[in-house]
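Data first, discussion second: the structure below is written as structure tokens.
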Amino acid sequence: MPYQRVNDVQIYYERHGRDEAFPLVCINGLLSDTTSWALQVPALQEHFHVLTYDCRSQGLSDIPPGPYSQALHVADLLGLLNVLGIERLHIVGLSNGGTIAMWLAAHHPERVARLVLIDTFPVVDAVMRVKLESWLRALALGGTAARYDVALPWVYGNRFIRDNPDVIAQGREKAIQRDPLAVRTMIEGTLDYSLDGKLEQIQAPTLVIAGEEDLLTPVWYSEQIAASIPHAQLQRIAGAGHVPTLECPDVINTMLLDFLLPA
């Protein structure tokens, strides 16, 4: 399994597709890992050199003392890209991965060719802070299982929860196995995140995707992002919650390829 030491942390990463194809990095959601892109990589690797990786404290990467800011996550990603010789690339970011993607695109616009933001948010406002702090309280009171149970209704759409009990149960089992320290530090690192006044600095053509049933990062966040980034467009997905990459992968894959491939 490939690892790279970046900023004194071992970062786990995977590369898919032809080396000579244009690079595309997919950035995980807050408490997920590279496996969260399993339904996208087969479609994307036919056209791009796809890089997936675990942020510090995610998946197979190291768990150093936290918390971790978006600026630190971006420094890790840039370090990894520099070692791999990747100068310019497309970026797809889901949820917290979208915050990292926006931070990179705003502060290093020369590195980003095209940007896709899926169910993400521009700032931790009052209501988002309450949601995240409720996850921390659940973690303190009942561990990783309670944290998953509290978060579940915020994350998936009604139809997905109703029709996929096995997937929900598997997700819960995986969540239980996570290191509580990693979960806590990732959540705490997001609490002070804000790109207020910075979105206008993003130069890359941007696609913003929002699940219409997303309760964690409601559609109005995506509307605000799309209105603030020059050259941005917004697409909604009916019936999808916060994780359309899992809930409706075919729809997401079509949107990604339509936006990222040359006309």
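Coordinate-derived values only; no laboratory data. All figures in this text were calculated on a predicted structure; none of them were measured in a lab. Reconstructed Cβ throughout: ideal geometry from the backbone, glycine too, with neighbour counts over all protein chains shown.
Just His242, His47, His90 to compare: in a GNM of the chain, with alpha carbon springs under 10 Å, which one fluctuates most? Evaluated over the chain, the most mobile residue of the options is His47. Sequentially through the range 133-139, phi angles give Karplus couplings (6.51, -1.76, 1.60; θ = phi - 60°) of 5, 5, 5, 5, 5, 4, 4 Hz, Gly and Pro residues having no value and appearing as x.
I'm checking a number: the convex hull volume of the Cα atoms of the range 136-233, normalised per residue, in Å³. What is it? The partial results should precede the final answer.
On the way: hull volume 12.3 nm³, N = 98.
Per-residue hull volume (Cα only) is 125 Å³.
The separation of the range 192-263 from the range 1-68, counted between C-alpha centres, amounts to 20 Å. For the chain, the mean projected area of the C-alpha convex hull, equal to one quarter of the hull surface, is 12.6 nm².
Give a quick list of trypsin sites (Lys or Arg not before Pro) in the range 15-72 that DSSP marks as loop, anything other than H, G, I, E or B, with at most 14 other Cβ atoms within 10 Å.
Working: sites: Arg15, Arg18, Arg56; in loops: Arg18, Arg56.
The qualifying sites are Arg18.
The phi-based Karplus calculation (6.51 cos²θ - 1.76 cosθ + 1.60; θ = phi - 60°) puts the 3J(HN,Hα) values of the range 116-132 at 10, 10, 10, 6, 10, 8, x, 7, 7, 8, 4, 6, 5, 4, 4, 4, 5 Hz, whole numbers, x for Gly and Pro. Projected over every direction and averaged, the convex hull enclosing the alpha-carbon atoms of the range 143-197 yields 4.9 nm². Towards the positive end of the charge dipole of the range 108-263, with charges on Cβ (+1 Lys, Arg; -1 Asp, Glu), say which of Tyr156, Ile252, Ala232 has the farthest Cα. Toward the positive end, the furthest listed residue is Tyr156.
When both bridge partners sit in the chain, DSSP labels roughly 25% of those beta bridges antiparallel.
Rounded to the nearest 20 debye, the dipole size of the range 58-134 about its Cα centre is 140 debye, using +1 on the Cβ of Lys and Arg and -1 on the Cβ of Asp and Glu.
Exposure proxy for Leu81, Leu24: other Cβ atoms within 10 Å of each Cβ, ordered fewest to most, give Leu81, Leu24.
Rg and Dmax of the range 166-206, both derived from C-alpha coordinates alone, stand at 16.7, 43 Å.
For the range 190-263, applying the loop criterion from DSSP together with a ceiling of 16 other beta carbons within 10 Å to the GluC sites (Glu not before Pro) yields Glu212.
For the range 68-135, what class follows from the C-alpha gyration tensor (a ≥ b ≥ c being the square roots of its eigenvalues): rounded when a/c is under 1.5, otherwise prolate if a/b is larger than b/c, else oblate? Verdict is prolate for the range 68-135. Of the Cα atoms belonging to the range 21-152, the radius of gyration and Dmax stand at 15.4, 47 Å. Calculated mean residue ellipticity at 222 nm for the chain: -13500 deg cm²/dmol, from DSSP H runs with n ≥ 4 weighted as -39500 (n - 2.57), summed, divided by the residue count and rounded to 500.
Might you report the magnitude of the Cβ-based charge dipole of the chain about its Cα centre, with Lys and Arg at +1 and Asp and Glu at -1, to the nearest 20 debye?
On the way: 19 positive and 30 negative charges, 54 e Å.
That gives the chain a dipole magnitude of about 260 debye.
Put simply, the C-alpha atoms of the range 27-95 give a gyration tensor, and the ellipsoid matching it has half-axes of 21, 16, 10 Å, longest first.
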